[in-house]
1. Can you tell me which of 103, 162, 144 is over 30 Å from residue 41 (Cα atoms) and buried (at least 18 other Cβ atoms within 10 Å of the Cβ)?
2. Of the conditions (1) part of a helix (DSSP H, G or I); (2) in contact with a strand residue (DSSP E or B) (Cβ under 8 Å, 6 or more places away or on another chain); (3) within 16 Å of ligand 1 (Cβ to nearest atom), residue 61 satisfies every one except a single condition; which number is it?
3. With respect to residue 92, is the statement that it is within 26 Å of residue 38 (Cβ to Cβ), more than 16 Å from ligand 1 (Cβ to nearest atom) and either part of a loop (DSSP other than H, G, I, E, B) or modelled with pLDDT of 95 or more (or both) true?
4. Could you identify the single residue in 17, 7 that is within 19 Å of residue 260 (Cα to Cα) and either modelled with pLDDT of 95 or more or touching a strand residue (DSSP E or B) at 6+ places or on another chain (Cβ under 6 Å) (or both)?
5. Restricting attention to segment 231-276, report how many residues are out of contact with any helix residue (DSSP H, G or I) (no Cβ under 7 Å at 6 or more places or on another chain), part of a helix (DSSP H, G or I) and away from ligand 1 (no atom under 16 Å from the Cβ).
6. Condition first: within 17 Å of residue 196 (Cα to Cα) and either within 15 Å of ligand 2 (Cβ to nearest atom) or at pLDDT below 95 (or both). Now tell me which residues in segment 227-255 satisfy that.
7. Give the residue that is surrounded by the fewest Cβ atoms within 10 Å (Cβ to Cβ), with candidates limited to residues of segment 1-54 that are assigned to a loop (DSSP other than H, G, I, E, B) and within 16 Å of ligand 2 (Cβ to nearest atom).
8. With the condition kept exactly as written, say whether any residue in segment 206-221 is at pLDDT 95 or above, assigned to a loop (DSSP other than H, G, I, E, B), within 16 Å of ligand 1 (Cβ to nearest atom) and touching a helix residue (DSSP H, G or I) at 6+ places or on another chain (Cβ under 9 Å).
Ligand code: DHB
Ligand code: FE
């Protein structure tokens, strides 16, 4: 039977990918950020999953503002890096896992989560920057990936509560897959950030730290946070944190923190990262 072995949360700031791709990771602005992921890289070498269900958002890269699915699952064989305006990132193609993707699709739609089925999908920094942070610059990504895109671009995004429940349903779907597979669920985006407008550059360290603490200590409080609270406290793009709640929901009622990293700033953004295990 497939089982969820761990959850990983991380910001997905595109400039981090550009720093790596352009050989600038050792520069003083960037070195502390990559340092914060060293523990996880070592841990992943020993706790490598077969498949990652990678919860991220598309930033109008594959989808345009003409079509904005609330939840979308990538069922293709492979996913190419998206061209986000400067050409596609020079990273490997992301290989999917079609049998598990279809099991998830059948189970989740059966449970009344109306996912959009995506059979052709290019993946942007929301998905590829976390892979780079965890695995560096390999010839091929060492895991299969099932992309699960959440709308945080066009109001209204789904609620944090809905995202948490989706995570719980993902856990049931994974448990219904007969093959022995180790599956991790990753949630990306956040932490506090606002990219435009009067409050551009808004960072709320107290909110971010509280969010990190509550992932293990009080997830019930996190699932009740509404969009307005996210935007007021964490900035307009801070609402990306709802994707962490999908990951957290998938781990079950209790989870243990294995590693935490928090750093300000990368670009204009607070970088947060945590590795969790079901307890
Ligand atoms: C930026 C973009 C993002 O999607 C994000 O989550 C954080 C930062 C940026 O453009 O700086
Ligand atoms: Fe983003």
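1. One residue alone meets the criteria, 162.
2. (1)
3. When the stated conditions are applied, residue 92 passes them.
4. Unique residue meeting the criteria: 7.
5. Within segment 231-276, residues that are out of contact with any helix residue (DSSP H, G or I) (no Cβ under 7 Å at 6 or more places or on another chain), part of a helix (DSSP H, G or I) and away from ligand 1 (no atom under 16 Å from the Cβ) number 1.
6. 230, 231, 234, 235, 236, 237, 238, 239, 240, listed by residue number.
7. Applying the filter and picking the extreme gives 13.
8. no
The values are calculated or read from the model by the stated rules, or taken from the named source; none is laboratory data. On a predicted model such as this, the values are computed, not experimentally measured, just so you know. All Cβ positions, even for glycine, are placed from backbone atoms using ideal geometry, and neighbour counts span all protein chains on display.
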